[in-house]
Amino acid sequence: MRPLTLRLEACGGISFADDQGFVTIGIGRRIGVLVLLLAAFPLRAAATLGSDATSVDADRVRMQAALLGITRNDRFAVHQLQAANGTTVREYLTSTGTVFAVAWEGPWLPDLRQVLGPYFDAYQRNATVVRNGRRSHGPIAIRTGDVVIQMGGHPRAFTGRAYVERLMPQGMQAASIR
Amino acid sequence: MFSLLLIAQANAPHCGNPGDASRVNTQAVLVNAGPASTYFNGAFTSVTVCVPGTNTCQTIGGVLVDTGSSGLRVLASALTIPLPQQTGGSGIPVAECGQFADGFTWGPVQMADINLAGEQAKNTPIQVIGASSFSSIPSGCSNTGAPENTLEDLGANGILGVGLFRQDCGIACTFTGSSNPALYYLCSSGACQVTALPLAQQVQNPIWLFSSDNNGVTIQLPAVPAGGLLATMGVMKFGIGTQSDNALGNAQVQTTDPGGNFTTVFNGQSYGSSFIDSGSNGLFLLDSGATGLPLCSDAPDFYCPPTLSEFSATNRGANGQSVSVAFHIGDVDALNETFTAFSEIGGPNPDPVDWGLPFFYGRSVFVAIEGQSAPGGTGPYWAY
């Protein structure tokens, strides 16, 4: 009854989308939530896991999502997107602007290739190995080096998270990524 | 054990007997290694599909009973009769991308009369997974995860979704535009585009289309002791309170949120996205920090505590009804590899509590379908 052990090759390089001239809005350093109306303020939003915030908000465009708001504290910022299909995606950025985690919750899956970025192809391959190794269906948890990807839920209510441990702010617990 | 199972499998399907007031509403559910001979904690049954309105029928065994989804899906490789293709308004074939936590199913939507025990759902849309004539998977589908389109990847000949909902998608898939979750596609010459699809043309939970016994289902599996069993066997009974054998009794009714979830309280914390899923092979909850259970050294998707760990949680429905649930989790790596039924399999989960097949062992679990009138009120609800 031993699920297979995974040995995964390194993921591909980090991709950067072209900058299309979105304006960055300063949020300030204090803790708080700032809800921004996208129609009024086109802005630089979060990007793909492992990517840099200097890339454009390709996720938002690809998912036809609205940026619901940005929460920021001294250690990280959370960009909350609402995909058109109703699913909420939260992207966690370090203070230096790297996406170190993404989490989603909602009725349908997000475009995982978009939110997982360079980690998606390995995820897709390894999810098959894990599922067939466990010889059954259920939620998925995959660790690839210091990248952890978890998928759970069922049609009409999915949840998931992915994070890069080495990029996480010191002392931050994975359970708080949701 | 094996002879018993073989007899049960042979007797499982009963073809329809329309007009019989006391029709057979019960059929066998087997927990065994399944048609790929590899599965554990999978509940399998047989489904008879027919070309609509004809006696051209086929009984397909090894179909996974899944309360976490709605609708029948069968592997094209297991299907030997030609079912008519569902088409969109202009006669273009409809295909589907079925979304699941651990992957997707891709294939055409076709029509079948579905026979389960003595019940029949006529001319019902089902998904035929992995059909060779629909081999080109659109990127919008493959970008949702890993494919589950073969016997090896699915571990079953199909999935019988007998969950809380009438359709697998519902109202969201009837809308055009970006809010459509992209489950249904129109496919022409190998090119597929997302389409809106009316409710009646979506893949259907067959139970609500039965002429009677159509408000839900009860799944009853015997208790499984720690250490597991080679295999076990129970029943699924169609209808709730519709016949002498499917009374709700003193089962507690728990309604759900629109997504089919309820709240689980564990160690004083409330987790609002919990669900009951016979198609998940374990009890999946939280993480090592919250449960105190170490992950397996070789598999971060299961717990491997050194001793059997006993727990209690409280499930609370949207209607406020609470039920205490005792469960245990043991070392997955220490289990007997020749067995297929285990009560102590557990693992982590990104947020909700996924009450998988071990929850069903030793219980009668009622699933009431949305909009259907049942003794405990109108579905959707769980009761146990």
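Average partner chain C-beta neighbours within 10 Å, per residue of B:149-157? Show your work: numbers first, answer last.
Values: counts 0, 0, 0, 2, 3, 3, 6, 2, 0.
That works out to 2 on average.
Take each of the peptides B:255-266, B:341-352, B:134-145, average the number of other beta-carbon atoms within 10 Å over its residues, and list them starting from the highest. Intermediate results must be reported in sequence, preceding the final value.
Numbers: B:255-266: 20.8, B:341-352: 27.2, B:134-145: 18.5.
Put in order of decreasing packing, that is B:341-352, B:255-266, B:134-145.
Taking the Cα atoms of the stretch B:103-257, what is the range of coordinates along each of the three principal axes, in descending order and whole Å?
That gives 52, 37, 31 Å along the principal axes, largest extent first.
Going by average Cβ density within 10 Å per residue, which order do the peptides B:156-163, B:240-247, A:97-104 take, highest to lowest? Intermediate values should be presented prior to the final figure.
Working: B:156-163: 28.1, B:240-247: 17.6, A:97-104: 24.0.
Ranked by mean Cβ neighbours within 10 Å, highest first: B:156-163, A:97-104, B:240-247.
If each of B:THR56 and B:ASN319 carries a label point 7 Å out from its Cα toward its Cβ, how far apart are those two points in nm?
4.5
If I take every Cα pair under 8 Å that is 6 or more residues apart in the stretch A:54-176, average their sequence separation and divide by the length, what percent do I get for the relative contact order? Kindly include the intermediate steps, with their values, before the conclusion.
Working: 212 pairs, mean separation 23.9, N = 123.
Answer for the stretch A:54-176 is 19 percent.
What does the structure give for A:138-148 when I average, per residue, the other chain Cβ atoms found within 10 Å of the residue Cβ? Walk me through the numbers on the way to the answer.
Details: counts 20, 17, 12, 11, 3, 4, 0, 0, 0, 0, 3.
The per-residue average across the peptide is 6.
Debye sum, Cα scatterers, the protein assembly as shown, no solvent: what log₁₀ I/I(0) at q = 0.05, 0.08 1/Å?
Relative scattering, expressed as log10 I(q)/I(0), comes to -0.19, -0.51.
Please report the relative contact order for chain B, taking Cα pairs under 8 Å with a sequence separation of at least 6, and give it as a percent rounded to a whole number. Working shown, then result.
Values: 1070 pairs, mean separation 70.0, N = 384.
Relative contact order, chain B: 18 percent.
Taking the Cα of B:LEU308, stepping 7 Å toward and past its beta carbon, and measuring to each backbone N in the stretch B:351-384: which are under 18 Å?
Flagged as within label range: B:357-363.
Once you have the Cα-Cα distance between A:SER95 and A:SER176, take 0.36 nm times their residue separation minus that, and quote the gain in nm to one decimal.
Values: separation 81, 0.36 × 81 = 29.16 nm, distance 1.70 nm.
So the extension gain works out to 27.5 nm.
Just add up the charged neighbours of B:THR56: K/R +1, D/E -1, any other residue whose Cβ is under 15 Å from the Cβ of B:THR56. Walk me through the numbers on the way to the answer.
On the way: positive: B:LYS122; negative: B:ASP113.
Net charge around B:THR56: 0.
Which listed residue (B:GLY177, B:GLY155, B:SER133) has the Cα farthest towards the positive end of the charge dipole for the stretch B:18-209, taking +1 on Lys and Arg C-beta and -1 on Asp and Glu C-beta about the Cα centre?
B:GLY177
Label-point separation (nm) for B:GLU152 and B:SER297, each offset 7 Å from Cα along Cα-to-Cβ?
3.0
For the ranges B:30-36, B:273-279, what's the packing order if you count other beta-carbon atoms within 10 Å of each residue, average per peptide, and put the highest first?
Details: B:30-36: 23.3, B:273-279: 27.1.
Going by the mean number of other Cβ atoms within 10 Å, highest first, we get B:273-279, B:30-36.
Can you pull the one-decimal nm distance between simple spin-label points at B:SER178 and B:ALA196, each 7 Å off the Cα toward Cβ?
Here the modelled spin labels are 1.7 nm apart.
Enter the mean number of other protein chain beta carbons within 10 Å of the beta carbon of each residue in B:279-286, as an integer.
Numbers: counts 4, 6, 6, 4, 1, 6, 2, 1.
The shielding value for this peptide is 4.
Only the coordinates and a few stated rules stand behind these numbers; no lab work does. What you see is a predicted model; the values in this text were computed from it and never measured. Note: ideal-geometry Cβ built from the backbone for every residue, glycine included; neighbour counts use all protein chains shown.
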